[in-house]
Each structure stands twice: as structure tokens, then as C-alpha cells.
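Participant: Once you've had a glance at the structure underneath, I'll fire off some questions.
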Amino acid sequence: MSALKIQQGSSKHSAYDLRDPNAELIETHTLAVIVDNEPGVLARVIGLFSGRGYNIESLTVAETDHQGHRSRITVVTTGTPQVIDQIKAQLGRMVPVHEVHDLTIEGPHVARELALLKVAGKGDARIEALRLAEIFRANVVDSTLESFVFEMTGGPEKIDAFADLMRPLGLREIARTGVAALARGG
Amino acid sequence: MSEQMTGARMVIEALKDQGVEVVFGYPGGAVLPIYDELFQQNHIRHILVRHEQGATHAAEGYARATGKPGVVLVTSGPGATNAVTGITDALMDSIPLVVISGQVPTFMVGTDAFQEADTVGITRPCTKHNWLVKDTEKLAETLHQAFHVATSGRPGPVLVDVPKDVQFATGTYMSPQKAKTSHYAPRVKGDIEAITALVELIEQAERPVLYTGGGVINSGPGASLLLRELADATGFPVTSTLMGLGAYPASGKNWIGMLGMHGTYEANLTMHGCDLLINIGARFDDRITGRIADFSPGSKRAHIDIDPSSINKVIRTDVPIIGDVGHVLEDLLKIWKARGRKVNRAGVAQWWQQIDEWRAVKCLTYKPSKDTIKPQYALERLEALTRDHPDRYITTEVGQHQMWAAQFLGFDSPNRWMTSGGLGTMGYGLPASIGVQVAHPEALVINVAGEASWLMNMQEMGTAVQFRLPVKQFILNNERLGMVRQWQELLHGERYSQSWSEALPDFVKLAEAFGCKGIKCDDPANLDDAIREMLDYPGPVIFDCLVEKHENCFPMIPSGNAHNQMILGEAETQGVIGASGAVLV
């Protein structure tokens, strides 16, 4: 609802009050959506989110079952509990959608993303960047005399933290995949 | 039996195997192979419309009148884009449509070819599902899947886009039985625990109401019978949305009229004051709820819906039941009977006393006139002269006349009332009446129209005349865009910006030009005779009923207000919509 950002004229007296009554109750959820890998399926899912004003924090998709032609979409979204329920119900009724899992409420899960960071610098800054990369277990996948490309995987917070440290050391570009997630245990 | 045939032939075979008798369509370059196959067979009748939007609304009318999916055949590009309004209308009102569109050949897709449009992209958000078929081998199965998706669960429109080379190429036909449809199987049986919880509430409720919607009608005639059994056995009052009219008979003793923005006083106050609200196949549309914060403040809410996304979308529900209305009502009645058919008789009797007091307000009263035809009067007379017709169907356009029709015409059975509810599509009624008449050639089919809506698809009179469809176009002509004018009066300081029509056609001459009958009436004294003349004429009629120009539609819940803040008539209309209500539609 908040994504609609309709403020003007929308008040508690409106028939459809578009202000978010639970602004403090915004939650972040990670959803795993198993879909038929058919043309347009990603457009359908994205169209649902944009058409109904839901948020996408990150979204990843790839075929995970070649024989069954199934893809797994991992989407991180935010909203009130009511909006999160709506998102799951709206996803669930789409024809090519087989399963919708809310990893956030279904139990503990691991969430990882991959990032590539280009850091340019000389002298102490370059040495410091390399030292921090070791601490964060980032790999150097490309190097020139004046730059590194680091590859790292981890939760979004870890990548944020590493990027924040690299910024004063000459961070030039960053590419992130978005989160892939699986429930823990069997 | 697997047989080799062209894609175009497959389309015809698949339609035959799906039991399709009628297709509404319009030919063009990208569907010529299919039209060539249509020409060479006699199983499927094709109704040539005058505009593709007309085809979709006619198919909607056909679907609503029969319970079967409506089938539309259009060409690529403009053919498909013209169909978009009707497809969206069907999505909003949950009407099963199968739209087959031609597409430029696969090797030209993406080249901005002549009459190319990204039809699947354009219709993705306005269909339940859609397909672009790139391989003739997959065409038959896709078409069968399309019928399955359109008619299963919450019904809706689907589209199959068929490039021209796929129509020409040869492939193997697959029968409906072999087509893979298993993965889309929405749940129809409700959760027994939830149904039992609702039965417990039914047993205790003092002030219950059954709030029914189009889902009852979509569930089939059996669901309407079960609803009647439930209402009559419990004695609970029944109201309905615009889409659900006829599921419970208007002549039934528990009927309290339509609810919502232009619903009856008694229905809306019953909703506001109830302690148990049972939503059966409706979706808490904003025309129904009014201000959500004040919606039915003291009630427990149960919601029966086949679409899980309808639950808790707008209104928080205490007892959600996901399932088909017919299946759920069957289980509900079984459990309620097994538990001893208990109802709080004393409480409900007192509730009826209260409802009868509200009813005594007679909210549909209007000021009669001897000089001009009041639109309400016109509909009262139409009702009086057609109510006993054994086979009457009513379609409408959108606006004031639509609300008056819902208020003043009574429906005693489902599938008799076709109107554009969710999308509010002006221009729906005339083509819809054509679709209904195609389905029921002997029936009396009347489109209650406003002149402005009617003009939006008036070209379809050509279709009615060509196919000898005796549809009656009953136009309440106020030479205004009545509902727009009403809102401008209430909301915009009586500045009637662009809400009147000058240079309206002479409808009688227009009828003659189309080759049908025109009748004009502007005198209340002549109205009955004029209506009889319309009913007696064996062909299509355009009835120009000149009515009071400035009549407003009441009762009305002004936008942004609650159910108990209805206005009943002209005297109360000053400043009824506040600044916050003004942004709403």
C-alpha cells in the first residue's frame, strides 16, 4: 500500500484509506516461488508487483529443474502483514505458479547473494582494500596495477558492510545478484 | 485419436471438442486461415460483429446467459487491442472468455510488421492467463488448457495468440482428454473446520445478513438453489451486490434489495448494524463497503470465496472459507442440519422488526410527474409489462440508468441480468444483449441503456439486424451524461463540464437507417402503449425514451461515507461529499 504513495486527499475519512495505518509494522519477507519456466513468467510476476503497488527489494530467477522446466524465483519484499499475505495469495493463484514459500515464516533459512566490486586505488588504500577483502573472505577475480575486482558471497548485510568499507578506498562499481535463499534443515 | 491437420483446422476441431457452438469475431489478415476453415464447416456459428470490443461484450453476455465460456476470434494488432476493454471487463467480473487472436508469422514477430502488436504483453495484466503459440504441435493442447483455465476456479478471460504460420503449418491434433491440465486445479471444497465455525456463528447470531455476489451465479444454478434453501431455512435477510442479482429471488420474502452506493436504505443499514455478516461469493468492492473504517462495525465476518486473494484484501475476515460457493453451501447446510437446525429465532425476529422499520422509509420513492417521463417510472412500467414474461433477460449500459434498473427491475433467477460491474464499461449493454439473444433466440432480451453509453457501441445494431436478433434497446434519454452530471452537481458546484450531449442523433431515423424499428416516447400517458409496441415487434427495436433531464439517482452513499450516512433525496444533497471523499471515484 505504501508503495502507491498517494498522500494527497487520502485521509482516515476516505472510503479507501491509502495511508498506511501500520507504517511501523512493515516487515521484510523472503519468498521462494516455484514456477513453470515458460516465456513471460518473469514478466507476469514483476507485472503483479508493479500493477498492485507491491515492493521488490531484490529478485533472482533461474531454471532449477531442467527436466521439469521449473524455475525458482527468490523475491525479497516488504509490506505490512496484510500486504505480505496478499502478495502470497496473488502469486499463488497465477496459473504458472506451482508453490509459494514464505521462507521468513516457514523457519530458519539461509540467504546469500553474490557481489562483484571494482575498487581502484594505489599505495596504502590498495593494501588496505586487499587486507579488508581477506577479512571478509572476498576473492580477487581480476587485478591490474591500479584496481581489483573482488568477488564475495554472503548475506545482503555483509555485502553492504564490505561496500561501505570499500567506498573511501576507491569503490568504482558494484554488481549484485540479489538474494537466493533456502530453508535450513531437511 | 491423433490426426495430422493444419493449425487453422485445429482451432476449429478444438472448439468443436470443447462444445463451442458460437464464436463472436471479426476477420483480418492474421486470422484468414482460421476463417477459411470456419467457412468449410457447419458445426460452429460465427457472429460477425462490427467492432472487436462488441465481440468481447457479446461473448460476455453469452457466457453470463448460458454459464458456458464465450469465445472470441479477432485478428492481430488493432483486432486484439480493440478487444482489450472487453477482456478487462470480463476479468473484473469473473466471466469466462476464450479469446483467440491472430498474430503475424513467428519469423516476423518483433519486426514491427503490419498489424503487429505485442498482444500477449498487452493482455498479460487483463487476462487470467495467456499464451503465444509458436509451434503447431502445441496448439491444440494450449487451446484445451485455455478452456480449462477460463472455466476453473474463479472464471475469467484467457487469450491464445496464434501466429499465421502456425495456422498454416501441419501438426498433430490432441484431444481435450489428453491435454495436460492437472496442475491448475483450484480448491473447490471448503475447510470443514471453518465451515463448522460459521455454523456455530449462524446458530447464535441475533442480527445476521447474507451478503451475496456474482460468485453465487458463477458457481452455477445449484448454488442459487442452495442459497435459497439456506436463507429460507434460517430466515436470514439477503442482500446482493450488483453482480449477484437473481441468485436469491427479488420476490423472495428474505430479500432486502441491493446494497452499496445506490443500494436500498434497508440493505445498507442491515449491513451496518448486523452482528454476523456472511459474504457469499462477493469481494468487498469499494462500491459496497463505503468508508472501510466504519464498515459494519459490530459484526463477525465470514467470507466464502474461491479466490484466496479475495480474503482479507479489503476487509478483515474472522472466518475465511476458500472454496466454491455451491460446494461450501452444501457442506454448510449438511452440518447445520446435523447439528439440529438451530437459529436464534427470537433475536432474528427482532432484527426483522428493525429491518421492516428501515424498509418503511421507502427509499426508492421519487417525485412523480404527469408532464415528463421520470426514468424510475419508465423502468417501473417496463417491469410491470415484462415481469411475467416467461423468458426475460436484461442487459444494461453503465450509469444512472444501470442503477435504476438494478433498483426497479426484479430478478427471480440467476443468469438473467448482465451488467458491467467492476470495470463499469459504457458500451457494454448493446453487444451483451446480442450475445444473450444469440444464446436464447426466443427470449425477450432488453438492453436498458442511457443514450451516451449506447452510442459508444451503436454500430452493433448492424449485427443485430444482420443476424435477425430481436434485441430491444430501451434508451433512457436525458441528453446528459447523467451520472457524471450528478457528481458534478454534488461535488463540483454544479459546473457541468462536458456532461451533456448536443447533436444527438434522431434515434428513430437511426433505427430506420439500420433497418430496424424506432420508437420515440416523451409522454408518460403514452408510455405503456409504446412499450407494448416495442415488445410486440418481432425484430430489433431502438426505443428512444425521453426522460427528465436532471433526475438524480438515490439513495446514495456519498463517496467517503459509511453505510449509515446515506442520502435519500434531493433535499439532503448540499455539501454531502467532503474534501476527503472528493478524491474518490
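Participant: What's the number of the only condition in (1) open to solvent by 10 Å² or more (accessible area, probe 1.4 Å); (2) under 19 Å from the mean Cα position of the chain (by Cα) that residue A:168 fails to meet?
Facilitator: (2)
Participant: Is it the case that some residue within segment B:95-113 is out of contact with any Gly (no Cβ under 7 Å at 6 or more places or on another chain) and among the small types (Gly, Ala, Ser)?
Facilitator: Scanning segment B:95-113 turns up at least one residue that is out of contact with any Gly (no Cβ under 7 Å at 6 or more places or on another chain) and among the small types (Gly, Ala, Ser).
Participant: Do the conditions hold for residue B:84, that is, is it among the β-branched types (Val, Ile, Thr), crowded, with 22+ Cβ neighbours inside 10 Å and closer than 30 Å to residue B:308 by Cα?
Facilitator: Details: among the β-branched types (Val, Ile, Thr): yes; crowded, with 22+ Cβ neighbours inside 10 Å: no; closer than 30 Å to residue B:308 by Cα: yes.
No.
Participant: Going through B:287, B:228, B:283, B:207 one at a time, which residue ends up being at pLDDT 95 or above and within 17 Å of the chain's Cα centre (by Cα)?
Facilitator: B:283
Participant: Restricting segment A:35-49 to residues that are open to solvent by 40 Å² or more (accessible area, probe 1.4 Å) and in a loop (DSSP other than H, G, I, E, B), which is nearest to the other protein chains (Cβ to nearest Cβ)?
Facilitator: Residues of segment A:35-49 that are open to solvent by 40 Å² or more (accessible area, probe 1.4 Å), as a first pass: A:37-39, A:42-43, A:46.
Among the residues that remain, those that are also in a loop (DSSP other than H, G, I, E, B) are: A:37-39.
Details: A:37: 13, A:38: 9, A:39: 7 Å.
Across segment A:35-49, the extreme among qualifying residues is A:39.
Participant: Here is a follow-up. Please find, among A:110, A:141, the residue that is open to solvent by 70 Å² or more (accessible area, probe 1.4 Å), aliphatic (A, V, I, L, M) and not in a helix (DSSP H, G or I). Step through it out loud before you land on a result.
Facilitator: Details: A:110 fails: open to solvent by 70 Å² or more (accessible area, probe 1.4 Å).
Of A:110, A:141, the one residue that is open to solvent by 70 Å² or more (accessible area, probe 1.4 Å), aliphatic (A, V, I, L, M) and not in a helix (DSSP H, G or I) is A:141.
Participant: Could you check segment B:173-278 for helices (runs of 4 or more DSSP H) lying wholly inside it with 3 or more residues that are under 22 Å from residue B:415 (Cβ atoms) and not charged (D, E, K, R)?
Facilitator: B:214-218, B:221-234
Participant: Yes or no: residue B:460 closer than 14 Å to residue B:53 by Cβ, acidic (Asp, Glu) and crowded, with 24+ Cβ neighbours inside 10 Å? Don't jump to the end; show me each part of the working.
Facilitator: Working: closer than 14 Å to residue B:53 by Cβ: yes; acidic (Asp, Glu): yes; crowded, with 24+ Cβ neighbours inside 10 Å: yes.
It is true that residue B:460 is closer than 14 Å to residue B:53 by Cβ, acidic (Asp, Glu) and crowded, with 24+ Cβ neighbours inside 10 Å.
Participant: For the condition within 14 Å of chain B (Cβ to nearest Cβ) and either over 24 Å from residue A:156 (Cβ atoms) or at pLDDT below 95 (or both), what is the one hit in A:15, A:23?
Facilitator: Of A:15, A:23, the one residue that is within 14 Å of chain B (Cβ to nearest Cβ) and either over 24 Å from residue A:156 (Cβ atoms) or at pLDDT below 95 (or both) is A:15.
Participant: Quick one: in segment A:147-161, of everything that is under 18 Å from residue A:28 (Cα atoms) and out of contact with any Phe, Trp or Tyr (no Cβ under 8 Å at 6 or more places or on another chain), which residue is surrounded by the most Cβ atoms within 10 Å (Cβ to Cβ)?
Facilitator: Applying the filter and picking the extreme gives A:159.
Participant: In segment B:432-448, which residue that is within 15 Å of the chain's Cα centre (by Cα) and under 22 Å from residue B:83 (Cα atoms) is surrounded by the most Cβ atoms within 10 Å (Cβ to Cβ)?
Facilitator: Filtering segment B:432-448 for residues that are within 15 Å of the chain's Cα centre (by Cα) and under 22 Å from residue B:83 (Cα atoms), the one surrounded by the most Cβ atoms within 10 Å (Cβ to Cβ) comes out as B:432.
Participant: Tally time: how many residues in segment B:353-389 are farther than 18 Å from residue B:569 by Cβ and assigned to a loop (DSSP other than H, G, I, E, B)?
Facilitator: Residues of segment B:353-389 that are farther than 18 Å from residue B:569 by Cβ, as a first pass: B:353-357, B:370-371, B:373, B:378, B:381-389.
Those still in the list that are assigned to a loop (DSSP other than H, G, I, E, B) too: B:370-371, B:387-389.
Residues meeting the conditions: 5.
Participant: Also: Only one of B:290, B:263 is away from chain A (no Cβ under 14 Å) and out of contact with any Phe, Trp or Tyr (no Cβ under 6 Å at 6 or more places or on another chain); which? Outline the logic, then answer.
Facilitator: Working: B:290 fails: away from chain A (no Cβ under 14 Å).
When all the criteria are applied, what remains is B:263.
Participant: Applying the selection to segment B:23-63, what residues are open to solvent by less than 30 Å² (accessible area, probe 1.4 Å), of a type outside the set (A, V, I, L, M, F, W, C) and under 20 Å from residue B:443 (Cα atoms)?
Facilitator: Scanning segment B:23-63 gives B:57, B:60, B:61, B:62.
Participant: Separate question: Which residue is farthest from the other protein chains (Cβ to nearest Cβ), if the candidates are limited to segment B:316-329 and must be buried (at least 19 other Cβ atoms within 10 Å of the Cβ) and outside any strand (DSSP E or B)?
Facilitator: Going through the qualifying residues, I end up with B:329.
Participant: Looking only at segment B:466-495, count every residue that is assigned to a loop (DSSP other than H, G, I, E, B) and in contact (Cβ under 8 Å) with a residue 12 or more places away in the chain and tell me the total. Quick ask: steps written out before the conclusion?
Facilitator: Taking segment B:466-495 and keeping what is assigned to a loop (DSSP other than H, G, I, E, B), we get B:467-471, B:478-479, B:481, B:492-495.
Right, trim to in contact (Cβ under 8 Å) with a residue 12 or more places away in the chain and you get B:467-471, B:478-479, B:481.
Total satisfying the criteria: 8.
Participant: Against the definition (in contact (Cβ under 8 Å) with a residue 40 or more places away in the chain and in contact with a Leu (Cβ under 9 Å, 6 or more places away or on another chain)), how does residue B:90 come out, yes or no?
Facilitator: On the way: in contact (Cβ under 8 Å) with a residue 40 or more places away in the chain: yes; in contact with a Leu (Cβ under 9 Å, 6 or more places away or on another chain): yes.
Yes.
Participant: Tell me which residues, restricted to segment B:39-76, are in a helix (DSSP H, G or I) and farther than 29 Å from residue B:395 by Cα.
Facilitator: Residues of segment B:39-76 in a helix (DSSP H, G or I): B:39, B:52-66.
Selection gives B:39 alone.
Participant: Further question on the same structure: So is residue B:99 under 30 Å from residue A:53 (Cβ atoms) and assigned to a helix (DSSP H, G or I) or not? If you could, list the steps in order and put the result at the bottom.
Facilitator: Working: under 30 Å from residue A:53 (Cβ atoms): yes; assigned to a helix (DSSP H, G or I): no.
No; evaluated as a whole, the condition is false for this residue.
Participant: I need the full set of residues from segment B:292-315 which are out of contact with any His (no Cβ under 8 Å at 6 or more places or on another chain), open to solvent by less than 10 Å² (accessible area, probe 1.4 Å) and among the hydroxyl-bearing types (Ser, Thr, Tyr), in order please.
Facilitator: Answer for segment B:292-315, where residues must be out of contact with any His (no Cβ under 8 Å at 6 or more places or on another chain), open to solvent by less than 10 Å² (accessible area, probe 1.4 Å) and among the hydroxyl-bearing types (Ser, Thr, Tyr): just B:309.
Participant: Then there's this: From A:80, A:64, A:28, which residue is of a type in the set (S, T, N, Q) and crowded, with 18+ Cβ neighbours inside 10 Å?
Facilitator: Every option except A:80 fails the conditions.
Participant: Write out, first by first residue and then by second, each pair whose Cβ atoms fall under 7 Å of each other, whose residues are 6+ apart or on separate chains, and whose first residue, in segment B:364-376, is free of Cβ contacts under 8 Å to residues at least 60 places away in the same chain and farther than 16 Å from residue B:400 by Cα while the second is of a type outside the set (Ser, Thr, Tyr) and open to solvent by less than 40 Å² (accessible area, probe 1.4 Å).
Facilitator: Qualifying pairs under 7 Å: B:368/B:374.
Participant: Quickly run through segment B:121-141 and pick out the residues that are of a type in the set (Val, Ile, Thr) and surrounded by fewer than 21 Cβ atoms within 10 Å (Cβ to Cβ). Break it down into steps so the answer makes sense when it comes.
Facilitator: Initially, segment B:121-141 is screened for residues of a type in the set (Val, Ile, Thr), giving B:122-123, B:127, B:133, B:136.
Hit for segment B:121-141 is B:122, nothing else.
Participant: A further question on this structure: Right, residue B:161: in a helix (DSSP H, G or I), in contact (Cβ under 8 Å) with a residue 60 or more places away in the chain and closer than 17 Å to residue B:30 by Cα or not?
Facilitator: Numbers: in a helix (DSSP H, G or I): no; in contact (Cβ under 8 Å) with a residue 60 or more places away in the chain: yes; closer than 17 Å to residue B:30 by Cα: yes.
Criteria not met by residue B:161.
Participant: Another question about this same structure. For segment A:50-60: of the residues being more than 11 Å from chain B (Cβ to nearest Cβ) and surrounded by 15 or more Cβ atoms within 10 Å (Cβ to Cβ), which is nearest to residue A:72 (Cα to Cα)? Talk me through it step by step, then tell me what you get.
Facilitator: Residues of segment A:50-60 more than 11 Å from chain B (Cβ to nearest Cβ): A:53-60.
Adding the requirement that they be surrounded by 15 or more Cβ atoms within 10 Å (Cβ to Cβ) leaves A:53-56, A:58-60.
Details: A:53: 22, A:54: 19, A:55: 19, A:56: 16, A:58: 14, A:59: 10, A:60: 8 Å.
Among those residues, the one meeting the criterion is A:60.
Participant: Only one of B:451, B:494 is at pLDDT 95 or above and either at positive phi or surrounded by 22 or more Cβ atoms within 10 Å (Cβ to Cβ) (or both); which? Steps first, answer last, please.
Facilitator: On the way: B:494 fails: at pLDDT 95 or above.
From the options B:451, B:494, the qualifying one is B:451.
Participant: Restricting attention to segment B:503-525, does a residue exist that is among the acidic types (Asp, Glu), over 21 Å from residue B:435 (Cβ atoms) and modelled with pLDDT under 95? Working first, answer last.
Facilitator: Keep residues of segment B:503-525 that are among the acidic types (Asp, Glu), which gives B:506, B:512, B:522-523.
Filter again for over 21 Å from residue B:435 (Cβ atoms), leaving B:506, B:512, B:522-523.
Still in the list and also modelled with pLDDT under 95: none.
No: segment B:503-525 contains no residue that is among the acidic types (Asp, Glu), over 21 Å from residue B:435 (Cβ atoms) and modelled with pLDDT under 95.
The values are calculated or read from the model by the stated rules, or taken from the named source; none is laboratory data. Given the structure is predicted, the values throughout are model-derived calculations rather than measurements. Backbone-built Cβ (ideal geometry, glycine too); neighbour counts: all protein chains shown. Side chains are part of the model used for accessible areas, which takes the heavy atoms of the whole protein and leaves out ligands, DNA and RNA. Shrake-Rupley method; radii C 1.70, N 1.55, O 1.52, S 1.80 Å.
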